[in-house]
1. At a threshold of 8 angstrom on Cα-Cα distance, excluding pairs fewer than six apart, so keeping six or more, what relative contact order does region 16-85 reach in percent?
2. If a/c stays under 1.5 just call it rounded; otherwise compare a/b with b/c (prolate if a/b is bigger, oblate if not). Do that for region 8-88, with a ≥ b ≥ c from the square roots of the Cα gyration tensor eigenvalues.
3. Go ahead and set up a Gaussian network model of the chain, Cα springs under 10 Å, then flag whichever of PRO85, PRO191, PRO120 fluctuates most.
4. Considering only DSSP beta bridges where both residues belong to the chain, give the percentage that are antiparallel (nearest 5).
5. Using +1 at the C-beta of Lys and Arg and -1 at the C-beta of Asp and Glu, which of PRO188, MET168, VAL3 has the Cα lying farthest in the positive direction of the dipole of the chain?
6. Would you please classify the overall shape of the chain from the alpha carbon gyration tensor, given that a ≥ b ≥ c denote the square roots of the eigenvalues, rounded means a/c under 1.5, and beyond that prolate means a/b larger than b/c while oblate covers the rest?
7. Rounding to the nearest 10 and keeping the result within 0 to 90°, find how far the Cα-based axis of helix 146-159 lies from the longest principal axis of the chain.
8. So how tilted is helix 58-71 from the main axis of the chain? Cα-based, degrees 0 to 90, rounded to 10.
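Every number here is computed from the coordinates shown, using simple stated rules; none is lab data. Remember, it's a predicted structure, so these values are computed and weren't measured experimentally. Methodologically, a virtual Cβ is constructed for each residue, glycine included, from the backbone with ideal geometry; neighbour enumeration extends over all protein chains shown.
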Amino acid sequence: MLVCHVRRQQPYAVIAMAGTLDKDSLIQAGVTLADCLADQPEAVVLDLSDARCADDRLPGWLHRAAVGAIRWPGAPIIVAAPPCPVPDGQDGIAVYDDLAEAEKAAAVLPVSPRRSVTLPPTAASCARARDLAQRACTAFGLPRLGQLTQLLASELTANAVTHARTEMELTLRRSGESVIVAVRDGDPRLPHEAGPEDRGAGLELVSAMATDWGSLLTSAGKVVWARAAVDRPVRAADL
């Protein structure tokens, strides 16, 4: 049995795991980690001081978790007091002997500028998404990405309006010289690129214009995200 306790300590989150780490409990741990990553912390600290390994699955699980977390939202996994050997300094994983040192490392990470808004599942939300995207890019000092970010924000919002039909949270966050657009909704169905039966370009356009994009399943729905990093020409008809 594994018990996970989450503490959100800006700009990072701490997940304290107590109990046995095995095949089934690591699935549970993955759900808890996904819920934390959906909040887009700067790092996630895993406190394993009260955990024990039933087998050798932990290093592989950490590797997969860290690779996904670095891709989005760009958060390193910081491990405190692992109960078995874990490679340090690889795949976005840092290892410390105790929780205090791990939190000290997480606390000094720079905080990414961000803008967020909660939107209803209505067509008018797409215009609000475009407006926030433009203002965010200006505030982030990346006005050259304004049109592309508007497009991605509008398409991700429209996808949630059409398919999720739940209230959503739109977040725009600066990551280096790029802007990450993320829409979090209450529908657990993961997205797909548009097919012949779908109306409009939808996520097919997101896939074509974004540097990278993906989705994350959470216990209460999902997050769909896209990265605007290249100043690509955007047709007025697409906005």
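1. Working: 92 pairs, mean separation 30.4, N = 70.
So the answer I get is 43 percent.
2. Details: a/c = 1.68, a/b = 1.54, b/c = 1.09.
Note, shape of region 8-88 comes out prolate.
3. The residue with the greatest mean-square fluctuation here is PRO85.
4. Values: 35 of 52 bridges.
Bridges in the chain are about 65 percent antiparallel.
5. Towards the positive end, the residue furthest out is MET168.
6. Working: a/c = 2.37, a/b = 1.80, b/c = 1.31.
Because a/c hits 1.5 or more and a/b exceeds b/c, the chain counts as prolate.
7. For helix 146-159, the angle is close to 80 degrees.
8. With both axes taken from Cα atoms, the answer is about 30 degrees.
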